[in-house]
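This is the structure, below, for whatever I ask next.
Coordinate-derived values only; no laboratory data. These numbers come from a predicted model, not from an experiment. Neighbour counts run over all protein chains shown; Cβ positions are idealised from the backbone, glycine included.
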Amino acid sequence: MRYLLPLLLLVALFGMLMVRGYVHSEIAADHRIRPPAATDHVPDAVLDGGPVIDARGKGITSLRIPDHRIVLTFDDGPDPEWTPKVLDELKKYHAHAVFFVTGTMTSRYPELVRRMVDEGHEVGVHTFNHPDLSYQSKSRIDWELSQTQLAIAGAAGIRSSLFRPPYSSFADALDNKNWPVVKYVGGRGYITVLDSIDSEDWQRPGVSTILRNATPKGGKGAIVLMHDSGGNRAQTVAALGHYLPELQHRGYRFASLTDALGAPSAQIPVSGPELWKGRAFVFAVGVSDDATDVLIVALAVIGVLVFTRFGLMLLLSVAHTRKVRRRGFRWGAAVTEPVSVLVPAYNERECIANTVRSLRESDHPVEVIVIDDGSSDGTADIVDAMRLPNVHVVRQRNSGKPAALNNGIAHARHDLVVMMDGDTVFEPSTVRELVQPFGDPRVGAVAGNAKVGNKDSLIGAWQHIEYVMGFNLDRRMYDVLGCMPTIPGAVGAFRRTALDRVGGMSEDTLAEDTDITMALLRDGWRVVYAENARAWTEAPESVQQLWSQRYRWSYGTMQAIWKHRRAVVERGPSGRFGRIGLPFVSLFMVVAPLLAPLIDIFLLYGLVFGPTGKTVLAWFGVLAVQAVCAGYAFRLDREPMRYLISLPLQQILYRQLMYVVLLQSWITALTGGRLRWQKLRRTGVVEAPGSAPGQRRSSDNRRPVA
């Protein structure tokens, strides 16, 4: 169930885009126009007859419009800009017309079709996608007609028996290719309405030319072709303002087709299932269009966030690297004082021995305090059995990680406190590198460089990329900006006085590392990044384990943001963090991952509906930017580039995973759910580089704690 709702939302989003492609003629669009053909199969009575062809019965009837009657017709609409203006002109002069609408436009702007019918105009079918029907099969023709009728029914509650083929002209222009279409459509119950006068307004020749083209000669009746859609129709609207009153003054009457012919109405009310199907279709199109507009805005937002984040990471990480790697750089006086290392552990029997032994290899004086949080697998007994000097075990009832850390702080003997996870191993230089920034008295906490130790599996390689590129470039950026949001639980150091001032580790959130870091920043302490303080942690090895870990991280981060929200309106260091750090964390750690799947959804949309080439190019452009950032991050961390081979797949699948995690976190937050400190299954395979797996090292040659 945890995956069901997020996946359903992804499917729904893609479904909405499918509907959009459907109604915007991006599916099955056919823009071919057949050149003129022979006419020997077309009856002479049709070629020489009127513009109205009734082929519904056994015989074929050709009809003309009576004298001093004009049937004004408008094709290709409705259009949200021009159709209302056309309707306003018709209403001003009490004139009626026939609007031959397409299904795509009707489904998108149903209120305009409803207005046409309410104001006494007739509506006719102009197909759904506006293809040349002479190229289409009978099944495609049926589809074009039925889908347009469905849209008309949903828009105005009617169906129409009037039909005008796309790209049609006068009756004498019918040929051996399009005449069979007229006969077939007649057999389906439609009257084909061509035109006898073409205003040629689609060419925008000027108002005077439109007026001249559209005026009948000698008082004859006519069906006049104009357009209310398909481009800029300002000339058409302006021409109507002269055309309607002038021809009315000459004695012409503007009528609907059936009125001009004295025939029964071509519009039949629909009810029951047909009506509700139409309304459901129109409603779905409306929701799809509205949702798509929002998605496009969201895609623009994620695009800006992605490029902004990558740009900042590259620029500011360069600044950070130049600062800390320049010759002679020092944080302050060298820090040589002993350090207390806290190791909270809950059922870590597979890892705890490697963790403790790595600390005893430290080239900086340490005391190690393992806080056993009610383990049931003998974790504490394993540490006791190792009998290592300056390694102490503190046992407590299961109370959670924050309580374990606070208990460790209470037992710590030194002013500098390093915190790590029970599944992590340090290099010999890690503690020394981690505490050197405390030479600056303004520094209250230091983030180390957490790295994935088990990166030889596909999931491990993906997380390795994430740690090196996402986390460590981010930390360099945040260090320069002075708003580091998180000290990683796997490797971080704190000044004890700073911890005391903010009340120690809080149990208010599931991301106690993010919570404490934000609290320190609000209290005015500097939080910095020590890139050479490397720690090797065992990343989750299955999607289920990874999901559980990221779910806790995401939910805890959201809790921490909410807890420290008042910083936005406060003054001093707290206000600076609130107006710089919190927006960055919210945008880059919550909003961006939640919207990121849109990149892949629109990739699929572009592959299906086009433009395929531009879509693929844009997607690879984003990937190229990510690859540049990843390559630079790997170079900074001196990591082999071979792991970047899986970057494209990592980007696609990780986006969906982070979407599921964040959406589930939102659901948990909104429903008031709570999570506990979750234990991930570990294998104990991670050793510090250069260590012999499973080797029990002698502690006799280790430096004692001063």
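Using the alpha-carbon atoms, what tilt in degrees (0 to 90, nearest 10) does helix 401-411 show relative to the longest principal axis of the chain?
Computed tilt is about 20 degrees.
Right, here's the next one. Order of Lys217, Lys92 from fewest to most other C-beta atoms within 10 Å? Could the numbers behind the result be given before it?
Details: Lys217 7, Lys92 12.
Ordered from fewest to most neighbouring Cβ atoms within 10 Å, Lys217, Lys92 come out as Lys217, Lys92.
What number results when the radius of gyration of the stretch 110-185, computed over Cα atoms, is divided by 2.2 N^0.38 Å? Display every interim value, and only then the final one.
Numbers: Rg = 13.3 Å, N = 76, 2.2 N^0.38 = 11.4 Å.
The stretch 110-185 yields a ratio of 1.17.
Follow-up. Can you tell me the order of 620-629, 466-475 when each peptide is scored by its average per-residue count of other Cβ atoms within 10 angstrom, highest first? The partial results should precede the final answer.
Details: 620-629: 14.8, 466-475: 22.8.
Order by mean packing, descending: 466-475, 620-629.
Moving on. With the contact rule set at Cα under 8 Å and sequence spacing of 6 or more, what percent relative contact order holds for the chain? Mind dumping the intermediate values first?
Details: 1321 pairs, mean separation 92.3, N = 706.
Once normalised by length, the contact order is 13 percent.
Continuing with the same structure: What FRET efficiency comes out for Phe170 versus Val294 if R0 is 51 angstrom and r is the Cβ-Cβ distance? Round to the nearest 0.05. Walk me through the numbers on the way to the answer.
Working: r = 46 Å, r/R0 = 0.89.
Efficiency for this residue pair is about 0.65.
Sticking with this structure for a sec: What do you get for the angle between helix 234-249 and the principal long axis of the chain? Use alpha-carbon atoms, 0 to 90 degrees, nearest ten.
Compared with the principal axis, the helix lies near 30 degrees.
In the set (i) 3, 13, 19, 16, 10, 9, 10, 9, 7, 4, 1, 0; (ii) 3, 11, 13, 14, 16, 16, 14, 9, 4, 1, 0; (iii) 2, 13, 21, 23, 18, 12, 7, 3, 1, 0, which value of P(r) over Cα pairs in 10 Å bins from 0, in percent was calculated from the structure you see?
It is the one labelled (i).
Determine the equivalent ellipsoid of the stretch 299-671 by diagonalising the alpha-carbon gyration tensor, then write out the semi-axes as square roots of 5 times the eigenvalues, largest first, rounded to whole Å.
Values: eigenvalues 232, 104, 88 Å².
Gyration-tensor ellipsoid for the stretch 299-671: 34, 23, 21 Å.
For the chain, give the magnitude of the charge dipole about the Cα centre (Cβ charges: +1 Lys/Arg, -1 Asp/Glu; no others), in debye to the nearest 20.
Values: 79 positive and 70 negative charges, 373 e Å.
Once rounded to the nearest 20, the dipole reads 1800 debye.
Further, regarding this structure: Just to be sure I understand the curve: with the Debye formula and one point per C-alpha of the stretch 439-517, what is log10 I(q)/I(0) at q = 0.16, 0.18, 0.20, 0.22 Å⁻¹?
-0.68, -0.82, -0.95, -1.07
Starting with the fewest neighbours, write out Glu144, Glu81 ranked by other beta-carbon atoms found within 10 Å of each beta-carbon. Before the final figure, lay out the partial values.
Details: Glu144 24, Glu81 13.
Ranking Glu144, Glu81 by Cβ neighbours within 10 Å, fewest first, gives Glu81, Glu144.
Here is a further query. For Lys563, give me every one of the lysines with a C-alpha distance below 22 angstrom, ignoring sequence neighbours fewer than eight places off in its own chain.
Lys401
Determine the alpha carbon to alpha carbon distance for each of Lys183/Lys277; Lys58/Lys183; Lys183/Lys220 and list only those over 18 Å. It would help to have the intermediate numbers written out before the result.
Values: Lys183/Lys277 28 Å; Lys58/Lys183 10 Å; Lys183/Lys220 27 Å.
Pairs exceeding 18 Å: Lys183/Lys277; Lys183/Lys220.
Right, here's the next one. Could you line up Arg34, Arg496 from fewest to most neighbouring Cβ atoms inside 10 Å? Walk me through the intermediate numbers first.
Details: Arg34 13, Arg496 16.
In increasing order of surrounding Cβ atoms, one gets Arg34, Arg496.
Let me ask something else. Return the calculated 222 nm mean residue ellipticity for the chain, to the nearest 500 deg cm²/dmol, obtained by summing -39500 (n - 2.57) across DSSP H runs with n ≥ 4 and dividing by the residue count. Walk me through the intermediate numbers first.
Numbers: 26 runs with 326 residues, N = 706.
Value at 222 nm, helices only, nearest 500: -14500 deg cm²/dmol.
Next question, about the same structure. If I histogram all Cα-Cα distances within the stretch 58-270 using bins 5 Å wide from 0, what percent of pairs lands in each bin?
With 5 Å bins starting at 0, P(r) equals 1, 7, 17, 21, 21, 18, 10, 4, 1, 0.
In addition: Can you list the lysines whose alpha carbon sits under 19 Å from that of Lys455, skipping same-chain ones fewer than 8 residues off?
Those lysines meeting the cut-off do not exist here.
In sequence order, what are the phi-derived ³J(HN,Hα) couplings for the stretch 633-643 according to the Karplus relation 6.51 cos²θ - 1.76 cosθ + 1.60 with θ = phi - 60°, rounded to whole Hz, with x for glycine and proline?
4, 5, 5, 4, 8, 6, 9, x, 6, 4, 5
What residues qualify as long-range amide H neighbours of Ile371, i.e. H under 5 Å apart, gap of 5 or more or another chain, H built at 1.01 Å from N?
Answer set, sorted by chain and number: Val343, Ala345, Val394.
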